[in-house]
Amino acid sequence: MLRFCHWRFPPSLAAARMLSSPPPTKSQSPFSGGGMNTSSTGGISKTELLYSQSQLQNLSSSPTSSLKSTVACSSAGAIRQSMATASQCFSSRPEAAESDLGSLVVVSFYKFADFPDHADFRKPLKDLCEELRVSGGIILAPEGINGSICGSRESVERVLAFIQSDIRLNGLRQVETPVSPEQEAIHHGHSSSSPLAAGEDAPFRWDHVRVKLKKEIVTLGMPSVSPMERVGTYVSPEEWNELISDPETVVIDVRNTYETRIGKFKGAVDPCTTAFRNFPSWVENQFALKQEGNETQAEAEKEDISEIADKEVKTEKPKTLPRIAMYCTGGIRCEKASSFLLSQGFDEVYHLKGGILKYLEEVPKTESLWEGECFVFDKRVSVEHGLAQGTHKLCYGCKQPISDEDMEAPEYEHGVSCPYCYSTKSEEEKERARARQTQFEEWGVIGGPDKGRRPATKPDGPRKSNVKLGSPI
(Lines give C-alpha, C1' and ligand atoms only; values in the text may rest on other atoms or scores of the structure.)
Protein backbone atom coordinates (compact mmCIF):
# COMPACT_ATOMS: atom_id res chain seq x y z
CA MET A 1 0.00 0.00 0.00
CA LEU A 2 1.39 3.35 -1.00
CA ARG A 3 0.67 6.59 0.77
CA PHE A 4 1.43 9.97 -0.79
CA CYS A 5 2.77 12.81 1.39
CA HIS A 6 2.34 16.30 -0.02
CA TRP A 7 4.90 18.85 1.17
CA ARG A 8 3.91 22.47 1.27
CA PHE A 9 6.98 23.53 3.15
CA PRO A 10 10.61 23.68 1.99
CA PRO A 11 11.85 20.14 1.24
CA SER A 12 15.39 21.05 2.22
CA LEU A 13 14.21 21.78 5.76
CA ALA A 14 12.16 18.59 5.78
CA ALA A 15 15.18 16.62 4.66
CA ALA A 16 17.26 18.16 7.42
CA ARG A 17 14.78 17.13 10.08
CA MET A 18 14.19 13.65 8.70
CA LEU A 19 17.86 12.85 8.15
CA SER A 20 18.69 13.97 11.68
CA SER A 21 16.36 11.31 13.10
CA PRO A 22 17.85 8.06 14.48
CA PRO A 23 17.80 4.91 12.33
CA PRO A 24 14.47 3.07 12.38
CA THR A 25 13.88 0.05 14.58
CA LYS A 26 11.28 -2.61 14.40
CA SER A 27 9.06 -0.83 16.90
CA GLN A 28 9.87 2.76 16.05
CA SER A 29 9.45 4.78 12.88
CA PRO A 30 12.17 7.28 12.05
CA PHE A 31 9.47 9.96 12.06
CA SER A 32 7.97 9.25 15.46
CA GLY A 33 9.78 12.14 17.13
CA GLY A 34 9.88 14.59 14.26
CA GLY A 35 6.31 15.72 13.67
CA MET A 36 5.11 12.45 12.12
CA ASN A 37 2.87 9.67 13.40
CA THR A 38 2.89 6.05 12.33
CA SER A 39 0.24 3.46 12.88
CA SER A 40 0.11 -0.12 11.71
CA THR A 41 -2.93 -1.76 10.15
CA GLY A 42 -2.68 -5.31 8.98
CA GLY A 43 1.11 -5.17 9.25
CA ILE A 44 1.32 -2.19 6.88
CA SER A 45 2.82 1.10 8.18
CA LYS A 46 0.89 4.31 7.61
CA THR A 47 2.69 7.61 7.83
CA GLU A 48 0.76 10.80 8.47
CA LEU A 49 1.79 14.43 8.78
CA LEU A 50 0.94 15.94 12.14
CA TYR A 51 2.45 19.42 11.87
CA SER A 52 0.41 22.04 13.68
CA GLN A 53 -0.72 25.26 12.05
CA SER A 54 1.91 27.24 13.97
CA GLN A 55 4.64 24.87 12.81
CA LEU A 56 3.48 25.14 9.22
CA GLN A 57 3.48 28.92 9.45
CA ASN A 58 7.03 28.85 10.78
CA LEU A 59 8.08 26.56 7.99
CA SER A 60 6.35 28.63 5.35
CA SER A 61 8.31 31.66 6.47
CA SER A 62 11.50 29.90 5.43
CA PRO A 63 13.24 31.81 2.63
CA THR A 64 13.48 28.71 0.46
CA SER A 65 10.82 28.96 -2.22
CA SER A 66 7.82 26.71 -1.59
CA LEU A 67 7.72 23.51 -3.56
CA LYS A 68 4.95 20.98 -3.70
CA SER A 69 6.54 17.56 -3.90
CA THR A 70 4.93 14.13 -3.92
CA VAL A 71 6.80 11.10 -2.68
CA ALA A 72 5.55 7.57 -2.81
CA CYS A 73 6.37 5.98 0.52
CA SER A 74 6.35 2.21 0.50
CA SER A 75 8.34 1.88 3.72
CA ALA A 76 10.26 3.95 6.25
CA GLY A 77 13.52 2.94 4.59
CA ALA A 78 12.28 4.06 1.20
CA ILE A 79 11.23 7.43 2.61
CA ARG A 80 14.61 7.90 4.25
CA GLN A 81 16.36 7.08 0.98
CA SER A 82 14.10 9.53 -0.88
CA MET A 83 14.93 12.25 1.64
CA ALA A 84 18.64 11.64 1.21
CA THR A 85 18.23 12.06 -2.53
CA ALA A 86 16.12 15.21 -2.09
CA SER A 87 18.62 16.79 0.26
CA GLN A 88 21.28 16.56 -2.41
CA CYS A 89 19.08 18.49 -4.84
CA PHE A 90 19.04 21.64 -2.69
CA SER A 91 21.88 23.92 -1.77
CA SER A 92 20.61 24.30 1.80
CA ARG A 93 22.52 22.08 4.17
CA PRO A 94 20.75 20.39 7.10
CA GLU A 95 23.01 21.94 9.70
CA ALA A 96 22.50 25.39 8.17
CA ALA A 97 18.73 24.99 8.31
CA GLU A 98 18.87 24.04 11.96
CA SER A 99 21.15 26.97 12.80
CA ASP A 100 18.55 29.36 11.40
CA LEU A 101 16.28 28.39 14.24
CA GLY A 102 18.76 29.45 16.94
CA SER A 103 19.09 32.82 18.63
CA LEU A 104 21.00 35.46 16.68
CA VAL A 105 23.91 37.77 17.44
CA VAL A 106 25.45 40.64 15.49
CA VAL A 107 29.22 41.10 15.68
CA SER A 108 31.14 44.04 14.20
CA PHE A 109 34.87 43.49 13.84
CA TYR A 110 38.03 44.81 12.20
CA LYS A 111 41.78 44.37 12.19
CA PHE A 112 44.50 46.37 10.49
CA ALA A 113 47.14 43.98 9.15
CA ASP A 114 49.61 43.51 6.30
CA PHE A 115 47.35 41.46 4.03
CA PRO A 116 48.57 41.68 0.39
CA ASP A 117 46.98 38.34 -0.58
CA HIS A 118 43.56 39.39 0.70
CA ALA A 119 41.83 38.47 -2.58
CA ASP A 120 42.60 34.77 -2.03
CA PHE A 121 40.66 34.92 1.24
CA ARG A 122 37.40 36.08 -0.34
CA LYS A 123 35.96 32.87 -1.79
CA PRO A 124 36.52 30.51 1.17
CA LEU A 125 35.18 33.16 3.56
CA LYS A 126 32.08 33.83 1.47
CA ASP A 127 31.44 30.11 0.98
CA LEU A 128 31.61 29.48 4.72
CA CYS A 129 29.22 32.36 5.49
CA GLU A 130 26.72 31.08 2.92
CA GLU A 131 26.98 27.53 4.24
CA LEU A 132 26.29 28.69 7.80
CA ARG A 133 23.61 31.20 6.77
CA VAL A 134 25.63 34.09 8.17
CA SER A 135 24.57 37.41 6.64
CA GLY A 136 26.18 40.84 6.53
CA GLY A 137 29.03 42.65 4.85
CA ILE A 138 32.80 42.13 4.99
CA ILE A 139 35.56 44.21 3.38
CA LEU A 140 38.98 42.77 2.57
CA ALA A 141 41.89 45.02 1.65
CA PRO A 142 45.69 45.01 1.67
CA GLU A 143 45.48 46.77 5.05
CA GLY A 144 43.23 44.20 6.77
CA ILE A 145 39.58 43.27 7.32
CA ASN A 146 36.41 45.09 8.40
CA GLY A 147 32.92 43.66 8.72
CA SER A 148 29.60 43.20 10.46
CA ILE A 149 27.86 39.81 10.40
CA CYS A 150 24.69 38.27 11.79
CA GLY A 151 23.74 34.66 12.46
CA SER A 152 23.37 32.08 15.19
CA ARG A 153 26.04 32.37 17.86
CA GLU A 154 27.63 29.09 16.88
CA SER A 155 27.74 30.05 13.20
CA VAL A 156 29.16 33.51 13.86
CA GLU A 157 31.83 32.08 16.15
CA ARG A 158 32.82 29.58 13.46
CA VAL A 159 33.21 32.39 10.91
CA LEU A 160 35.28 34.50 13.32
CA ALA A 161 37.44 31.49 14.17
CA PHE A 162 38.05 30.89 10.48
CA ILE A 163 39.07 34.52 9.95
CA GLN A 164 41.46 34.43 12.90
CA SER A 165 42.98 31.17 11.74
CA ASP A 166 45.12 33.46 9.58
CA ILE A 167 47.70 34.64 12.10
CA ARG A 168 47.73 38.11 10.55
CA LEU A 169 44.03 38.55 11.39
CA ASN A 170 44.23 37.04 14.86
CA GLY A 171 43.06 39.36 17.62
CA LEU A 172 40.08 40.98 15.88
CA ARG A 173 38.58 43.97 17.63
CA GLN A 174 34.96 42.95 18.16
CA VAL A 175 31.71 44.46 19.38
CA GLU A 176 28.73 42.16 19.91
CA THR A 177 25.16 43.44 19.79
CA PRO A 178 21.98 41.65 20.92
CA VAL A 179 19.19 41.00 18.43
CA SER A 180 15.54 41.94 18.99
CA PRO A 181 12.55 39.75 18.00
CA GLU A 182 11.83 42.11 15.09
CA GLN A 183 15.38 41.72 13.85
CA GLU A 184 15.01 37.94 14.20
CA ALA A 185 11.97 38.18 11.93
CA ILE A 186 13.93 40.18 9.37
CA HIS A 187 16.70 37.60 9.43
CA HIS A 188 14.44 34.58 9.02
CA GLY A 189 12.03 36.21 6.56
CA HIS A 190 11.93 39.87 5.60
CA SER A 191 9.43 42.05 7.40
CA SER A 192 7.27 44.57 5.58
CA SER A 193 9.12 47.43 7.23
CA SER A 194 12.52 46.54 5.82
CA PRO A 195 12.80 46.54 2.01
CA LEU A 196 15.81 44.69 0.68
CA ALA A 197 17.09 47.71 -1.20
CA ALA A 198 18.18 49.39 2.01
CA GLY A 199 21.71 48.62 3.01
CA GLU A 200 22.33 45.44 1.06
CA ASP A 201 25.56 44.85 3.01
CA ALA A 202 23.69 44.91 6.28
CA PRO A 203 22.99 42.04 8.67
CA PHE A 204 19.51 40.54 9.13
CA ARG A 205 19.26 39.21 5.58
CA TRP A 206 19.16 35.46 5.99
CA ASP A 207 20.32 34.70 2.45
CA HIS A 208 22.89 37.36 1.73
CA VAL A 209 26.50 38.10 2.59
CA ARG A 210 28.83 40.36 0.65
CA VAL A 211 32.58 39.99 0.81
CA LYS A 212 34.11 42.92 -1.05
CA LEU A 213 37.65 43.62 -2.17
CA LYS A 214 38.74 47.23 -1.72
CA LYS A 215 41.88 49.34 -1.51
CA GLU A 216 41.16 50.29 2.12
CA ILE A 217 38.96 48.78 4.83
CA VAL A 218 37.97 52.33 5.74
CA THR A 219 38.54 54.98 3.09
CA LEU A 220 40.66 57.96 4.04
CA GLY A 221 42.43 58.25 0.67
CA MET A 222 45.93 58.52 2.18
CA PRO A 223 47.90 55.30 1.76
CA SER A 224 50.80 56.68 3.83
CA VAL A 225 48.59 56.82 6.94
CA SER A 226 48.99 53.42 8.58
CA PRO A 227 47.54 52.47 11.99
CA MET A 228 49.91 49.50 11.92
CA GLU A 229 52.83 51.92 12.35
CA ARG A 230 51.38 54.34 14.89
CA VAL A 231 48.04 55.07 16.42
CA GLY A 232 46.57 57.19 19.20
CA THR A 233 46.14 56.14 22.82
CA TYR A 234 43.13 53.93 23.55
CA VAL A 235 40.81 55.08 26.33
CA SER A 236 38.38 52.64 27.93
CA PRO A 237 34.68 53.56 28.23
CA GLU A 238 34.96 53.87 32.03
CA GLU A 239 37.78 56.43 31.68
CA TRP A 240 36.24 58.33 28.77
CA ASN A 241 34.02 60.69 30.81
CA GLU A 242 36.95 62.03 32.79
CA LEU A 243 38.98 62.72 29.65
CA ILE A 244 36.29 64.59 27.70
CA SER A 245 35.19 66.56 30.78
CA ASP A 246 38.61 68.22 30.94
CA PRO A 247 38.23 71.75 29.45
CA GLU A 248 41.72 71.43 27.91
CA THR A 249 40.56 68.50 25.77
CA VAL A 250 39.07 69.03 22.30
CA VAL A 251 36.52 66.25 21.63
CA ILE A 252 36.05 65.44 17.93
CA ASP A 253 33.32 63.32 16.39
CA VAL A 254 34.98 61.57 13.44
CA ARG A 255 31.69 60.46 11.87
CA ASN A 256 29.64 62.08 9.09
CA THR A 257 26.80 64.59 9.35
CA TYR A 258 23.97 62.07 8.90
CA GLU A 259 25.39 60.21 11.93
CA THR A 260 26.15 63.16 14.20
CA ARG A 261 22.72 64.63 13.47
CA ILE A 262 20.95 62.03 15.64
CA GLY A 263 23.43 61.81 18.51
CA LYS A 264 26.89 62.70 19.83
CA PHE A 265 28.84 63.23 23.06
CA LYS A 266 28.16 66.35 25.04
CA GLY A 267 30.40 69.22 23.89
CA ALA A 268 31.88 67.34 20.93
CA VAL A 269 32.99 69.19 17.81
CA ASP A 270 31.18 68.14 14.63
CA PRO A 271 33.43 68.42 11.53
CA CYS A 272 30.29 68.34 9.33
CA THR A 273 31.89 65.97 6.83
CA THR A 274 29.89 63.97 4.31
CA ALA A 275 32.61 61.32 3.90
CA PHE A 276 35.56 60.16 5.99
CA ARG A 277 38.03 61.20 3.27
CA ASN A 278 37.03 64.84 4.00
CA PHE A 279 38.41 64.64 7.54
CA PRO A 280 42.08 65.52 6.75
CA SER A 281 41.15 68.75 4.97
CA TRP A 282 38.89 69.73 7.87
CA VAL A 283 41.74 69.18 10.34
CA GLU A 284 44.10 71.30 8.26
CA ASN A 285 41.62 74.17 8.11
CA GLN A 286 40.46 73.88 11.72
CA PHE A 287 43.94 73.91 13.25
CA ALA A 288 45.74 76.00 10.59
CA LEU A 289 48.23 73.21 9.90
CA LYS A 290 49.68 74.95 6.84
CA GLN A 291 51.53 77.39 9.02
CA GLU A 292 55.35 77.48 8.94
CA GLY A 293 56.99 74.58 10.73
CA ASN A 294 54.04 72.24 10.32
CA GLU A 295 53.73 70.77 6.82
CA THR A 296 50.60 69.13 5.52
CA GLN A 297 50.22 65.45 4.79
CA ALA A 298 50.12 66.10 1.03
CA GLU A 299 53.48 67.86 1.20
CA ALA A 300 54.95 65.20 3.45
CA GLU A 301 54.02 62.43 1.05
CA LYS A 302 56.34 63.93 -1.57
CA GLU A 303 59.41 63.44 0.60
CA ASP A 304 61.34 60.33 1.47
CA ILE A 305 60.04 58.49 4.54
CA SER A 306 63.42 58.59 6.25
CA GLU A 307 63.68 62.35 5.71
CA ILE A 308 60.25 62.80 7.27
CA ALA A 309 61.32 60.84 10.33
CA ASP A 310 64.44 62.97 10.77
CA LYS A 311 62.48 66.19 10.32
CA GLU A 312 59.94 65.16 12.99
CA VAL A 313 62.81 64.82 15.47
CA LYS A 314 64.51 68.11 14.58
CA THR A 315 61.48 70.32 13.97
CA GLU A 316 59.95 71.94 17.02
CA LYS A 317 56.29 70.99 17.31
CA PRO A 318 53.78 73.84 17.42
CA LYS A 319 52.71 74.49 21.01
CA THR A 320 49.21 75.53 19.98
CA LEU A 321 47.97 72.05 19.03
CA PRO A 322 45.58 70.86 21.74
CA ARG A 323 44.97 67.52 23.33
CA ILE A 324 42.54 65.57 21.12
CA ALA A 325 39.96 62.97 22.13
CA MET A 326 38.10 61.42 19.21
CA TYR A 327 35.42 58.79 18.78
CA CYS A 328 33.41 56.98 16.10
CA THR A 329 30.86 54.15 15.91
CA GLY A 330 33.07 51.12 16.53
CA GLY A 331 36.59 52.52 16.64
CA ILE A 332 37.95 51.78 13.17
CA ARG A 333 37.79 55.32 11.78
CA CYS A 334 39.58 56.63 14.87
CA GLU A 335 42.47 54.26 14.18
CA LYS A 336 43.21 56.06 10.92
CA ALA A 337 42.19 59.52 12.11
CA SER A 338 44.48 59.33 15.14
CA SER A 339 47.35 58.07 12.97
CA PHE A 340 46.81 61.02 10.66
CA LEU A 341 46.83 63.56 13.52
CA LEU A 342 50.05 62.12 14.90
CA SER A 343 51.62 62.54 11.47
CA GLN A 344 50.58 66.20 11.55
CA GLY A 345 52.39 67.01 14.79
CA PHE A 346 49.73 66.40 17.43
CA ASP A 347 51.35 64.97 20.56
CA GLU A 348 48.31 63.94 22.60
CA VAL A 349 45.75 62.00 20.61
CA TYR A 350 43.28 59.72 22.38
CA HIS A 351 40.38 57.69 21.05
CA LEU A 352 37.52 55.71 22.57
CA LYS A 353 38.29 52.00 22.61
CA GLY A 354 35.43 50.03 21.05
CA GLY A 355 33.76 53.25 19.92
CA ILE A 356 30.31 54.49 20.84
CA LEU A 357 28.85 50.98 20.76
CA LYS A 358 31.13 49.73 23.52
CA TYR A 359 30.47 52.89 25.55
CA LEU A 360 26.69 52.49 25.29
CA GLU A 361 27.05 48.84 26.22
CA GLU A 362 29.18 49.34 29.33
CA VAL A 363 28.40 52.80 30.77
CA PRO A 364 25.07 53.15 32.65
CA LYS A 365 22.67 55.71 31.27
CA THR A 366 22.71 57.59 34.58
CA GLU A 367 26.46 58.19 34.20
CA SER A 368 26.54 58.68 30.45
CA LEU A 369 27.61 61.82 28.61
CA TRP A 370 26.11 60.54 25.36
CA GLU A 371 23.16 62.49 23.96
CA GLY A 372 20.73 61.01 21.44
CA GLU A 373 21.05 57.76 19.49
CA CYS A 374 23.90 56.10 17.62
CA PHE A 375 23.49 55.38 13.91
CA VAL A 376 24.50 51.85 12.87
CA PHE A 377 25.04 50.49 9.38
CA ASP A 378 22.37 47.81 9.33
CA LYS A 379 18.61 47.49 9.54
CA ARG A 380 18.52 48.49 13.20
CA VAL A 381 19.30 52.04 11.97
CA SER A 382 20.07 53.31 15.48
CA VAL A 383 20.72 52.06 19.01
CA GLU A 384 20.41 53.58 22.47
CA HIS A 385 22.01 52.85 25.85
CA GLY A 386 22.41 49.16 26.46
CA LEU A 387 22.41 48.80 22.64
CA ALA A 388 18.62 48.73 22.70
CA GLN A 389 16.78 49.37 19.44
CA GLY A 390 16.56 53.09 18.64
CA THR A 391 13.58 55.05 17.36
CA HIS A 392 14.95 56.15 13.99
CA LYS A 393 13.97 54.64 10.67
CA LEU A 394 15.81 54.68 7.36
CA CYS A 395 14.98 56.72 4.28
CA TYR A 396 15.30 54.21 1.45
CA GLY A 397 15.87 57.05 -0.98
CA CYS A 398 19.16 58.21 0.59
CA LYS A 399 19.78 55.68 3.41
CA GLN A 400 19.92 58.38 6.05
CA PRO A 401 18.28 58.07 9.48
CA ILE A 402 14.94 59.83 9.90
CA SER A 403 12.80 60.50 12.95
CA ASP A 404 9.04 60.33 13.37
CA GLU A 405 8.95 64.11 12.90
CA ASP A 406 10.86 63.79 9.63
CA MET A 407 8.25 61.33 8.36
CA GLU A 408 5.54 63.94 8.98
CA ALA A 409 7.27 66.44 6.68
CA PRO A 410 5.76 67.07 3.21
CA GLU A 411 9.05 66.06 1.57
CA TYR A 412 8.81 62.55 2.98
CA GLU A 413 7.53 59.78 0.72
CA HIS A 414 7.98 56.22 1.88
CA GLY A 415 10.71 54.48 -0.08
CA VAL A 416 11.34 57.58 -2.20
CA SER A 417 12.56 60.67 -0.36
CA CYS A 418 12.87 62.51 2.95
CA PRO A 419 13.56 66.13 4.04
CA TYR A 420 17.31 65.47 3.70
CA CYS A 421 17.33 64.22 0.10
CA TYR A 422 14.14 65.57 -1.50
CA SER A 423 15.78 68.64 -3.03
CA THR A 424 18.77 66.68 -4.32
CA LYS A 425 16.76 64.13 -6.30
CA SER A 426 15.44 64.66 -9.80
CA GLU A 427 11.92 63.64 -10.77
CA GLU A 428 13.38 60.77 -12.79
CA GLU A 429 15.19 59.45 -9.72
CA LYS A 430 12.02 59.71 -7.66
CA GLU A 431 10.05 57.78 -10.28
CA ARG A 432 12.63 54.99 -10.25
CA ALA A 433 12.41 54.88 -6.48
CA ARG A 434 8.61 54.65 -6.64
CA ALA A 435 8.92 51.76 -9.09
CA ARG A 436 11.26 49.90 -6.75
CA GLN A 437 8.94 50.49 -3.81
CA THR A 438 6.04 49.12 -5.87
CA GLN A 439 8.09 46.00 -6.61
CA PHE A 440 8.68 45.42 -2.93
CA GLU A 441 5.05 45.97 -1.98
CA GLU A 442 3.87 43.54 -4.68
CA TRP A 443 6.56 40.85 -4.44
CA GLY A 444 8.22 41.40 -1.07
CA VAL A 445 11.60 41.81 -2.78
CA ILE A 446 13.23 44.51 -4.86
CA GLY A 447 13.72 43.25 -8.40
CA GLY A 448 10.95 40.64 -8.31
CA PRO A 449 10.44 37.29 -6.57
CA ASP A 450 13.16 35.60 -8.64
CA LYS A 451 15.90 38.16 -8.00
CA GLY A 452 19.25 36.46 -7.60
CA ARG A 453 17.94 33.07 -8.74
CA ARG A 454 18.79 31.42 -12.03
CA PRO A 455 15.56 30.63 -13.94
CA ALA A 456 14.74 26.93 -14.17
CA THR A 457 13.85 27.27 -17.85
CA LYS A 458 14.81 29.76 -20.49
CA PRO A 459 12.19 32.43 -21.14
CA ASP A 460 10.30 32.29 -24.43
CA GLY A 461 11.64 35.64 -25.51
CA PRO A 462 13.12 38.91 -24.26
CA ARG A 463 11.01 40.62 -21.68
CA LYS A 464 10.48 44.27 -22.43
CA SER A 465 9.79 46.73 -19.71
CA ASN A 466 10.14 50.44 -19.20
CA VAL A 467 11.23 49.84 -15.62
CA LYS A 468 14.75 48.62 -14.92
CA LEU A 469 14.26 45.98 -12.25
CA GLY A 470 16.72 45.48 -9.48
CA SER A 471 18.59 48.74 -10.01
CA PRO A 472 20.38 49.83 -6.84
CA ILE A 473 19.21 52.73 -4.77
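Yes or no, residue by residue, for (1) in the same structural domain as R261 (by TED's automatic domain parsing); (2) modelled with pLDDT under 95:
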residue: E361; (1), (2): yes, yes
residue: P364; (1), (2): yes, no
residue: V376; (1), (2): no, yes
residue: K379; (1), (2): no, yes
residue: V383; (1), (2): no, yes
residue: A388; (1), (2): no, yes
residue: H392; (1), (2): no, no
residue: G397; (1), (2): no, yes
residue: S403; (1), (2): no, no
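Residues being in a helix (DSSP H, G or I) and either over 16 Å from G136 (Cβ atoms) or in contact with a Phe, Trp or Tyr (Cβ under 9 Å, 6 or more places away or on another chain) (or both): count how many of those fall in segment 162-176. Talk me through it step by step, then tell me what you get.
Looking only at segment 162-176, we keep the residues that are in a helix (DSSP H, G or I), and these are 162-164, 167-169.
Filter once more, so that each one left must be either over 16 Å from G136 (Cβ atoms) or in contact with a Phe, Trp or Tyr (Cβ under 9 Å, 6 or more places away or on another chain) (or both): 163-164, 167-169.
Residues that pass the stated criteria total 5.
Which residues, counting only those in segment 361-394, are in contact with a Cys (Cβ under 7 Å, 6 or more places away or on another chain) and farther than 16 Å from S148 by Cβ? Walk me through how you get there before you give the answer.
Our first condition is that a residue be in contact with a Cys (Cβ under 7 Å, 6 or more places away or on another chain); within segment 361-394, this holds for 382-383.
Once the filter is applied, which keeps residues that are in contact with a Cys (Cβ under 7 Å, 6 or more places away or on another chain) and farther than 16 Å from S148 by Cβ, segment 361-394 yields nothing.
Going through segment 399-415 one residue at a time, which ones are within 19 Å of T260 (Cβ to Cβ) and in contact (Cβ under 8 Å) with a residue 24 or more places away in the chain?
Narrowing segment 399-415 to residues within 19 Å of T260 (Cβ to Cβ): 399-403, 405-406.
Result: K399, Q400, P401, S403.
I'd like the full set of residues that are out of contact with any Leu (no Cβ under 6 Å at 6 or more places or on another chain) and either without any contact (Cβ under 8 Å) to a residue 24 or more places away in the chain or outside any loop (DSSP other than H, G, I, E, B) (or both), limited to segment 325-349.
Once the filter is applied, which keeps residues that are out of contact with any Leu (no Cβ under 6 Å at 6 or more places or on another chain) and either without any contact (Cβ under 8 Å) to a residue 24 or more places away in the chain or outside any loop (DSSP other than H, G, I, E, B) (or both), segment 325-349 yields M326, I332, R333, C334, E335, A337, S338, S339, F340, L341, L342, S343.
If a residue has to be part of a loop (DSSP other than H, G, I, E, B), of a type outside the set (S, T, N, Q) and under 24 Å from the mean Cα position of the chain (by Cα) to count, how many in segment 225-276 make the cut?
So in segment 225-276, the residues part of a loop (DSSP other than H, G, I, E, B) come out as 225-232, 236, 246-248, 254-256, 261-262, 266-268, 270-275.
Then drop every residue that is not of a type outside the set (S, T, N, Q), which leaves 225, 227-232, 246-248, 254-255, 261-262, 266-268, 270-272, 275.
Now drop any that are not under 24 Å from the mean Cα position of the chain (by Cα), which leaves 227, 254-255, 261-262, 275.
Total meeting the criteria: 6.
Which of (1) part of a strand (DSSP E or B); (2) farther than 22 Å from T177 by Cβ; (3) modelled with pLDDT of 90 or more does V107 not meet, given it meets every other one?
(2)
For segment 371-397, how many residues meet the condition of being touching a Phe, Trp or Tyr at 6+ places or on another chain (Cβ under 6 Å) and surrounded by fewer than 18 Cβ atoms within 10 Å (Cβ to Cβ)?
Number satisfying all stated conditions: 0.
Would you confirm whether any residue within segment 405-422 is hydroxyl-bearing (S, T, Y) and surrounded by fewer than 16 Cβ atoms within 10 Å (Cβ to Cβ)? Let's see the steps before the verdict.
Taking segment 405-422 as the starting set, the residues that turn out to be hydroxyl-bearing (S, T, Y) are 412, 417, 420, 422.
Filter once more, so that each one left must be surrounded by fewer than 16 Cβ atoms within 10 Å (Cβ to Cβ): none.
Checking segment 405-422: not a single residue is hydroxyl-bearing (S, T, Y) and surrounded by fewer than 16 Cβ atoms within 10 Å (Cβ to Cβ).
The values are calculated or read from the model by the stated rules, or taken from the named source; none is laboratory data. All values derive from a computational prediction rather than experimental measurement. A quick note on method: Cβ atoms are made from the backbone with ideal geometry, for glycine too, and the neighbour counts reach across all protein chains shown.
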